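Please read the structure below before turning to the comments.
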Amino acid sequence: MATWVAAIGTISAVVVALLQVARERKLRLDRERSERSEKHRAHAELIAAWVGPPQAVPHNTETPSYHTTSNSDADYRTPIYIHNGSLEPIYEIVVGIVFVQGAAPHNLEKMLDVFTERSPRGPLPATTSAIIPPGTWCLWLRGKGWTGVMGGRGGADIAFVDRGGVSWVRRAMGTLEELDQRPLAHFAQHRLYGPYEFQLPKQM
């Protein structure tokens, strides 16, 4: 009997030890997976964009063909500010105005679909740039009243390629999504075709 009891105790100890090892292995794998995910997203997490108030185009602006979406006689442009809080640039930027309130499109894909269907040759609520260095920068959209036409409140979506060659889009409400295509290829499916502006950003 004593031998059986000892054997059962030994087996139980071995089982407990194996369960403990398995548990520790699972915790280690989960921690490593979480660390890989954080490292994968680290650069992209530091990118944001927002819309500023429209401004009259200065007379000395060399950019031609500004288009006003209001009844004003003046030409306007709408700034989109981009903050790159990292120490490295981002690439192949597509940025545009979307709605954060109201019954209109809440992402840039649907926004482009709406505007290209309504006015195939008209201005689009998006622009592009080849590179955004660290810091806060500004790109411009032609016109004003992009969200006023549908009575909503505007924000900005920004798509870009990070230092590791991974493509992302930061939504106006802060959500970060990984894209399975580079930004220009992704938005070409929503009629954002070339030739692209590739604006030179202005540092703020």
Quick one: which residues, 5+ away or cross-chain, put their amide H under 5 Å from the amide H of residue 179? H built at 1.01 Å from N. 167, 168, 169
Based on Cα coordinates alone, diagonalise the gyration tensor for segment 72-118, multiply each eigenvalue by 5, take square roots, and list the semi-axes in whole Å, largest first. 25, 17, 12
Quick check on segment 154-204: take the gyration tensor over C-alpha atoms, sort the square-rooted eigenvalues as a ≥ b ≥ c, and tell me if it's rounded (a/c under 1.5), prolate or oblate. rounded
Long-range HN-HN contacts of residue 154 with modeled amide H, under 5 Å: 100
Report, to the nearest whole %, how much of the accessible area of segment 82-204 belongs to carbon and sulfur atoms, 1.4 Å probe, protein only. 53 percent
Per residue value of the accessible surface for segment 108-186 (all protein chains in place, 1.4 Å probe), Å²: 42 Å²
I'd like to know which of 174, 143, 133 lies farthest towards the positive end of the charge dipole of segment 102-204, counting +1 on Cβ of Lys and Arg and -1 on Cβ of Asp and Glu. 143
Rounded if a/c is under 1.5, else prolate if a/b beats b/c, else oblate: with a ≥ b ≥ c from the C-alpha gyration tensor eigenvalues square-rooted, which is segment 104-204? rounded
In debye to the nearest 20, the charge dipole size for segment 158-204, taken about the Cα centre with +1 at each Lys and Arg Cβ and -1 at each Asp and Glu Cβ, equals 160 debye
Starting from segment 80-146, pick out the trypsin sites (Lys or Arg not before Pro) whose DSSP state is loop and whose Cβ has at most 14 other Cβ atoms within 10 Å. 121
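The values are calculated or read from the model by the stated rules, or taken from the named source; none is laboratory data. Quick caveat: nothing in here was measured; it's all calculated off a predicted structure. When we count neighbours, we look across all protein chains shown, and the Cβ atoms used for this are built from the backbone with ideal geometry, even at glycine. Calculation scope for accessible area: heavy atoms of the full protein, side chains included, ligands and nucleic acids excluded. Shrake-Rupley method; radii C 1.70, N 1.55, O 1.52, S 1.80 Å.
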